[in-house]
Every structure is written in structure tokens, then in C-alpha cells.
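The values are calculated or read from the model by the stated rules, or taken from the named source; none is laboratory data. Values in this document were obtained by computation on a predicted structure and should not be read as measured data. Positions of Cβ are backbone-derived with ideal geometry, glycine not excepted, and every protein chain shown enters the neighbour counts. We work out accessible area using only protein heavy atoms, side chains counted, and drop any ligands, DNA or RNA first. Shrake-Rupley method; radii C 1.70, N 1.55, O 1.52, S 1.80 Å.
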Amino acid sequence: MGKIRREPRRSRGGTNAVYLVAGGIILALIVAFAVFAVLDSRRGGGEIAGVRSYDVGPGNRHAQGDVDYEQTPPAGGVHSPVWQNCGFYDEPVREENAVHSLEHGAVWITYRPDLPREQVERLRELAQSQTYILVSSYPELPAPVFASAWGKQLRLDSANDERLEQFVRAYRQGPQTPEPGAACTGGVGEPS
């Protein structure tokens with residue numbers, strides 16, 4: 001009987017490496033897509049119907065006195081050197097201080113004093129559940145509710161409009177903010 005000759009086993013190391021690299025690339029693409037989707041949803045997921053943009057100029061323009069703003073309520077511009085503390089206010093706040101809060105990345109939600117109580121409470125909860133939210137009444141407001149950020153504004157008929165939360169997600173500390181991360185406490189006012 002003759003000896004059976006065995007062929008040497010071929011190494012599969014090269015094939016395994018290709019599968020590992022391909023798997024790593026696919027995994028990286030899945031993770032990148034997921035991160036993009038989360039960030040996009042945090043920023044409102046695209047355009048919000050009704051948002052108006054204004055050229056309010058750069059930040060860091062301070063004035064000591066009253067300022068005559070082009071928008072009612074204002075969406076940015078020259079402002080007080082001291083910001084309004086974020087939170088909920090039953091009464092109107094000084095526009096010049098609120099605009100400084102916008103410069104720091106706050107969303108200022110104003111409402112008519114005659115807004116139904118349950119809607120006012122919804123706004124209070126919104127202000128108390130998140131940072132960089134300023135809510136105040138605003139007499140003679142041209143609509144029941146306005147949401148304002150630096151250079152951005154949304155007019156709403158109700159505090160229950162789903163676009164309000166989309167606006168907050170998109171513009172609170174958003175890319176339009178001249179001084180992101182600057183304080184929204186330590187200024188003037190005591191929220192209720």
C-alpha cells in the first residue's frame with residue numbers, strides 16, 4: 001500500500017480579513033446613519049412650516065436704554081448688557097433683556113395674557129422641564145403665541161401646536177446662536 005499524500009491546508013486568513021474589513025465598514029455606515037438621524041431629529045428634522053428668518057445682525061451689540069425693534073416680539077438685535085434669566089414669567093419681561101437671552105441660545109416663547117389657562121400651564125411645564133427656555137406674557141401680541149430665537153420666529157394660534165416643540169428642538173442652543181453655551185441664569189428676573 002502506498003502512502004496517501006495529503007495536500008497542505010490552505011490558510012483562510014486572507015478571506016477572514018476581507019470579511020472583517022467589510023463588516024467593519026458596514027457597521028460604521030450603520031452607526032453614522034443612526035447618529036445623523038438622531039441629530040437631525042433633535043434639530044427638528046428639516047424646515048418647520050411658518051418659521052420666518054430675520055437679519056438681526058451679529059450678537060454683542062449692547063445698549064443701555066430702550067430699543068425700538070422691527071419685530072413684535074423681537075427676534076434679536078441690539079440688547080441690554082444683562083440677560084433675562086430663563087424660566088416662566090406670569091408678567092411681561094423687558095424686551096432688551098430677553099433679546100440678550102436669545103443671543104445666548106434661549107427660545108423666548110411669548111403669549112397673550114388671555115391665552116387659555118391650560119395652554120399657559122403647558123408653556124410653564126415646557127419652561128420648567130428644559131434649560132434655555134424663556135416664557136413670558138406679552139400684551140398686544142399679534143397672535144396668541146410666538147416662539148422666537150436669534151433671527152428666527154414662529155407665529156402660533158395655540159400652545160398645543162406641534163410646531164412649538166419642533167421649534168424648540170431646532171433652535172434652542174441651535175446653529176443660529178451667536179453665543180452658544182453662555183449663561184441663561186445669573187441675569188435679571190426671578191422665574192415663577
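Leaving out ligands, DNA and RNA but keeping every protein chain, what accessible area does THR131 have, in Å² rounded to the nearest 10, with a 1.4 Å probe?
Looks like 90 Å² after rounding.
5 Å is the cut-off here: which amide hydrogens, built 1.01 Å from N in the peptide plane, fall below it relative to ILE109, excluding neighbours closer than 5 in sequence?
Long-range HN contacts for ILE109: LEU134, VAL135, SER136, SER148.
When the solvent-accessible surface of protein heavy atoms is calculated with a 1.4 angstrom probe, in what order do VAL21, VAL135, VAL188 fall, highest first?
VAL21, VAL188, VAL135
Would you list ILE48, ILE30 from the most to the least accessible area, probe 1.4 Å?
The most accessible residue leads, giving ILE30, ILE48.
Please give the contour-minus-distance gain from ARG52 to GLU118: 0.36 nm per residue of separation, less the Cα-Cα distance, rounded to one decimal in nm.
21.1 nm
If you count only protein heavy atoms with a 1.4 Å probe, what accessible area per residue comes out for the range 59-144, rounded to a whole Å²?
Here the residues of the range 59-144 average 42 Å² of exposed surface.
At 0.36 nm per residue, and after removing the present C-alpha to C-alpha distance, how many nm does the segment from ASP66 to GLU165 gain when stretched out fully?
That works out to 32.6 nm of additional length.
Where the centre of each part is set by its Cα atoms, how far does the range 159-192 sit from the range 95-132, in angstrom?
Rounded to whole Å, the Cα centres lie 8 Å apart.
Amide H neighbours of ARG61 under 5 Å, at least 5 residues apart or on other chains, H built in the peptide plane: list them.
HIS79
Any idea how far apart SER158 and ILE25 come out in nm if each label point goes 7 Å out from Cα toward Cβ?
Those two pseudo-labels are separated by 5.1 nm.
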